[in-house]
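A short write-up of the structure that comes next.
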Amino acid sequence: MSTNGGNDPTPSIDDLTEQMRRNQTTPKPGLFAGYSLAQIALIGVVGLLLACVALSVAFIVIGIAAPVLIITAIILLILAFKRPTIVTNVTTRWPFRVLPSVITAGPVRFAVILACVLIPISGFAGATVYRGALSNSGNSHHTTRTTLAAIANMTPSPTVSMVFVTNTATAAAVISSPAPPSTPAPPTPTLSAALPTPTPVKPTVTATTAILGASTAAFIAKLGQPDPNGTTSGGSGIYNFNPCPSGQGDEFMVLFSNNQAVSINRFYCSGTTIPNEGVRTAEALTFAPPDAVRHGQTTSENGSPAPVFMSLQLTRTLTADAFVDCDQNSVPAGTFALGLEQGWDLIAGTCP
């Protein structure tokens with residue numbers, strides 16, 4: 001090492017060379033200096049996840065705003081040809097002023113490039129987002145329909161409202177009472193035109209009063225001995241009761257099958273005023289089972305409307321083959337109808 005004037009040390013050529021060598025060989029600390037390989041990998045994974053989340057959010061936002069972005073791109077295209085100065089001013093504002101000059105070189109080029117980027121990306125994102133929303137809406141509606149169907153198939157409410165026809169009066173009583181939860185009421189049969197032909201079964205109950213389904217003895221006890229003219233015997237066939245004074249016909253004609261009444265016809269003798277429909281209905285329903293419930297309406301053979309009833313008791317007094325319609329098709333057991341032409345006609349099935 002040399003000195004300048006004997007006071008200031010001046011580095012020699014060898015010292016300068018050694019210092020330069022050390023500066024060149026000493027590495028500068030890197031971005032991940034001091035981190036282990038596992039830490040670097042973890043940082044990379046976290047960064048990748050954050051990038052995916054950011055891209056997903058951006059994709060959803062673009063999809064939601066797709067209609068606005070597409071319309072904006074179309075408006076810029078139109079303005080680039082009609083009002084280029086407006087588009088030029090747009091390119092000088094943030095964030096477009098940071099774009100490369102090759103994109104913002106002219107209003108038409110800027111609008112065309114922007115439209116070529118915005119329209120496809122926005123269209124794809126919008127189609128994906130809105131299709132997913134519609135799919136979720138459809139699934140929600142399907143779930144709602146399934147839930148409603150399940151509710152509809154649940155056990156009915158314990159409150160039961162029924163119209164009972166008494167055997168001694170024509171008035172109908174509406175009764176509402178809670179049914180015990182442990183013994184639910186049996187389901188009420190519904191009319192159906194396409195039922196298999198039932199196999200006749202032996203009745204389990206015999207009515208003791210003169211009502212539909214009762215025996216010949218019950219009608220004899222109420223109406224007296226049958227008219228020997230036109231009356232069969234043996235518990236099956238037609239039994240005529242109460243002959244008219246003129247000798248022309250009888251007031252009651254009851255058809256029995258296996259000693260059970262399957263139809264009751266009421267006639268009014270000549271010279272007798274035929275009561276109105278309300279009175280005839282009242283009289284007819286005194287011959288109906290006491291648990292009869294009004295169950296819709298049918299049409300008689302002559303085309304007149306006829307009320308239909310259901311009776312659980314009747315299912316136990318008549319065999320299943322007694323319940324048919326006018327075409328001899330089976331109807332639910334317990335069904336009977338009331339015809340009101342001239343007199344009245346109470347008959348099992350739906351063909352009065």
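The values are calculated or read from the model by the stated rules, or taken from the named source; none is laboratory data. Fair warning: this is a prediction, and the values are worked out from it, not measured in the lab. Cβ atoms come from the backbone with ideal geometry, glycine included; neighbour counts cover every protein chain shown.
Data overview
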| quantity | calculated |
| --- | --- |
| Meets criteria (farther than 19 Å from residue 352 by Cβ and of a type outside the set (Val, Ile, Thr)) for residue 275 | no |
| The stretch 307-331: number of residues that are part of a loop (DSSP other than H, G, I, E, B), buried (at least 19 other Cβ atoms within 10 Å of the Cβ) and either in contact with a Leu (Cβ under 9 Å, 6 or more places away or on another chain) or not β-branched (Val, Ile, Thr) (or both) | 4 |
| Qualifying positions in the stretch 287-315 - of a type in the set (Phe, Trp, Tyr) and more than 18 Å from residue 340 (Cα to Cα) | none |
| Qualifying positions in the stretch 97-119 - at pLDDT 80 or above and among the basic types (Lys, Arg) | 109 |
